[in-house]
Structures are given as structure tokens and as C-alpha cells.
Amino acid sequence: MLQRDREAEAERLYRNYFAENCVYGSDEFERRFRLSRNVFLRIVNALESKYEFFQLQYDARGRRGFTTLQRCSAAIRLMAMGESPDTMDDYVRMSERTTSESFYRLSRGVITFVDVYLRKPLLHDFQELYAAHEERHGFPGMIGNIDCTHWRWKNCPVAWKGRYTSGSNNDVNVLDQSPIFDNRLSGKAPGALFTVNENEYKFGYYLTDGIYCAYSTFVKAFRHPVEPRDKVFKRQQQGARKDAEHAFGVLKAK
């Protein structure tokens, strides 16, 4: 049996990333774990308080098991870096089987955050988006940019493939026939009022380019602007879309 000295590795991990005067700062932490240290610790504390698997335990011989930090570090590194479970052996002295189980348990445990992150947006969420986009881009009532979501088949249910596209598996056809925007298109989405030129509107909108469907929730740029104000609008609209793509494109791909 390998003598992995998991206790020493736990201490090293703590000194490197979590101690008061840790070796690696916040920038290095975010680069290696793909999230901030505060968010990481929130996940650790939530899992430790709710699941026995992530709590520190001792075996029948009195030998200490893996700490919560070790289990979560291994699992999140797998997701962040796309590494194999076996690579965690020389990182936190954890076997491939234990690493895989930690990854599975963490994936199941993130449902703890469903009410915070995986929920439908509320009225104040829309209002914050409106304020941020209006301040940054000058577009009141803008929810976001639909281009950066990249509705490709690798991110969509396999059961939909080929059902609605007539042989053309592109993101436009998927979006047109998916339930993603059913509430928005049917008028059942929560109203989030905003005002433009003294006109009041009930629902926000997404910026997009000309290939998308002619829905009222999509605001496209002028294809061939002639008037100076149309040219200014097109330039501002394309700039706002590019900002969103740069901010979220890599994140969505990961």
C-alpha cells in the first residue's frame, strides 16, 4: 500500500492557498481553480455542513481521512482544468477512486445552491441588469446578448437533435424550437418595466445579429444604415454585443 502522507499534503494545501499569509494570492487561486477563493470557501462550508462525506473522519485504526479542502480542491480542479482523476494523486495524495467519488459527490451537492444561482430571475435581478447595461452601453431595458450563449448541439439535449432542424443543426433552429424562450414569447415571463423616450415597455430584450428570428425580444442592428443616427446605433449595438461575447465566451466554452 502506498504511504501517501495525506496529513502533510493537507497542511501544504492549506499553507499554499488558504492560510492568512498563503503562498499563492487570489490571482493565482482564480487562475488555477477558475473561481474566487470566497466562492470556493462558500462551497466548502456548505458541503461540509450538509454532507457527511465531506466531513473530516477517522478510520478504525484512528487514521485521519481527507479534509474538506482536499476533497473539494481535487474535484474542482478536475472541472476547472479538465484533468483526469489519476493526476490528483501527486497533487493532494488522493487515489483515482477517491477523487472520482469526490467529484461525483460535489456535482450532486451543488444543488445546495439551486435557490441562489439556478433559478429564474426575479424583478430585482432584471432591474440590476437594466442599470448595469444602461450605464455601460447606453441601452435601457437590455438583458444581455443572445449571441454569446452559443446554442450548439454539444450543449443541448441529444433528444432534440434532428427533430426540428430539417437537417440543419444550427443554433437558430434549436432556439426557434426550444422551450428556452417559451415564457418570454408567450408573455408569461415576469414583467420588468423600463422606459425609453417616454414610452414604457413591460419586457426587456436581448441584443443579437440579423440571423436570428424576428422576435420582439430581440433587438438587431440595422443591416444597411444610411442615416447618421442609424449608423451610431449600429456601432453601439455591435460594441455592446462584443463586450458580452468577450466577457462570457470563454466561460461558456469551459
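The values are calculated or read from the model by the stated rules, or taken from the named source; none is laboratory data. For clarity, every value in this text was computed on a predicted model and none was experimentally measured. All Cβ positions, glycine included, derive from the backbone under ideal geometry; neighbour counts span all protein chains shown. Surface areas here come from the heavy atoms of the whole protein model, side chains and all, with no ligands, DNA or RNA. Shrake-Rupley method; radii C 1.70, N 1.55, O 1.52, S 1.80 Å.
Summary table
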read-out: Whole-Hz couplings from phi, Karplus 6.51/-1.76/1.60, listed for segment 22-31; x for Gly and Pro; value: 5, 5, 9, x, 5, 5, 5, 4, 5, 5
read-out: ³J(HN,Hα), Karplus 6.51/-1.76/1.60, whole Hz, each residue of segment 191-202, x for Gly, Pro; value: x, 9, 5, 8, 10, 9, 6, 6, 9, 9, 10, 8
read-out: Rh (Kirkwood; distinct C-alpha pairs) - segment 1-147, Å; value: 17.5 Å
read-out: Percent accessible area from carbon and sulfur atoms, segment 1-148, protein chains only, probe 1.4 Å; value: 50 percent
read-out: Ranked by how many other beta carbons lie within 10 Å on average, peptides 22-28, 9-15, 75-81 from highest; value: 75-81, 9-15, 22-28
